[in-house]
Amino acid sequence: MDMQDRQLGRIHFVYGENGGKYPFNHSLYLKGDKARVVIDPACSLEKLTKLKSEGVDAVWLSHWHEDHIRYMNIFEACPLWISERDFPPLRNLDIFLDWYGIEEQGARNYWKKEMIETFDYRPRQTACFLRDDEMIDLGGLTVCVLPTPGHTPGHLSFFFPEEELLFLGDYDLTTFGPWYGDLYSSIEETIQSIRKLKAVPARRWVASHNTGLFEENPGRLWDDYENIIYRREEKILNYLDEPKTLEKILSAWLIYGRPREPKEMYEFNERVLICKHLKYLIKQGKIILDGNRYAKT
Ligand SMILES: [Zn+2]
């Protein structure tokens, strides 16, 4: 076992390559008497291959993003479990790109190639569905399936009462803050999900990226994480001291702070996150779209 891996009762925390940073994550391996499960198989091909030889009966996904499914095909023989709401992008690569909101043909071609070559994307026709709030008995290990939409519509977190361990998925408490840039992401639901996770009576927390395992309550990290949403919003409002076009707002890099490489990816990310905020600000009545300019009300 890797130094940063941990055995927590029947739960094995599997530390990911590159510190669990994109395009990797941290995975969990659950060893129940009735079933052995890998959650989000994208940590490391080597470690997952080893787990496969130990025995894996099912693969569960917290959501459909590529940095959580990367190595799932090595478990091709196992049933795949996911929320029904997040299954469509796994059925078809065009749906996958649509859900990210990638429209431009050049970008679609780039991502199609990347998804197939780096992430081994293969369309799936069938999956089993994890139901919201169901309790699953794996044999000596119980799992509560917690719907935590916002990041994606079918994002799931998992609470293990025996181990008092909460798997947060991509509500990862990083300093960058939450992602809600996809077509079906929602800022409001993200806020609700962060608050819901914060209230779960856990003793250990596992996030999909970066730090990964928290053995003490993340404490103020919860609020810091949520507050990043409001800070982004505030920056946009402050920048709208006079009406501005979307292109003008994007040129200020209010989310990422400065232009980053690879340019195509970060320009896209800045755009979708800003657009999500602008929509939300309009909905809250804090700004209006006047012609092609956004203005404070
Ligand atoms: Zn994600």
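The values are calculated or read from the model by the stated rules, or taken from the named source; none is laboratory data. Since the structure is predicted, the reported quantities are computational estimates derived from the model, not experimental observations. Note that we place each Cβ from the backbone using ideal geometry, even for glycine, and neighbour counts take in every protein chain shown.
Structural remarks
- Contacts under 7 angstrom Cβ, first residue in the stretch 66-84 being closer than 17 Å to R36 by Cα, partner away from the ligand (no atom under 16 Å from the Cβ) and modelled with pLDDT under 95, 6 or more apart: none
- In the stretch 12-25, the residue that is farthest from the chain's Cα centre (by Cα) out of those that are outside any helix (DSSP H, G or I) and within 17 Å of F119 (Cβ to Cβ) is G16.
- Of all residues in the stretch 101-112, one or more are of a type in the set (G, A, S) and within 16 Å of the ligand (Cβ to nearest atom).
- For F167: the one exception among (1) assigned to a strand (DSSP E or B); (2) away from the ligand (no atom under 16 Å from the Cβ): (2)
- Of the residues examined, R195 is not one that is over 21 Å from the mean Cα position of the chain (by Cα) and assigned by TED's automatic domain parsing to the domain that holds D40.
- Identity of the residue in the stretch 37-55, free of Cβ contacts under 8 Å to residues at least 24 places away in the same chain and out of contact with any Lys or Arg (no Cβ under 9 Å at 6 or more places or on another chain), that ends up farthest from C128 (Cα to Cα): E46
- Residue among L213, L289, L281, L250 that is more than 16 Å from the ligand (Cβ to nearest atom), of a type outside the set (S, T, Y), in the same structural domain as F159 (by TED's automatic domain parsing) and surrounded by 13 or more Cβ atoms within 10 Å (Cβ to Cβ): L213
- Total residues in the stretch 33-56, condition out of contact with any strand residue (DSSP E or B) (no Cβ under 8 Å at 6 or more places or on another chain) and in a loop (DSSP other than H, G, I, E, B): 1
- Any hit, the stretch 216-234, residues being among the basic types (K, R) and closer than 23 Å to L61 by Cα: no
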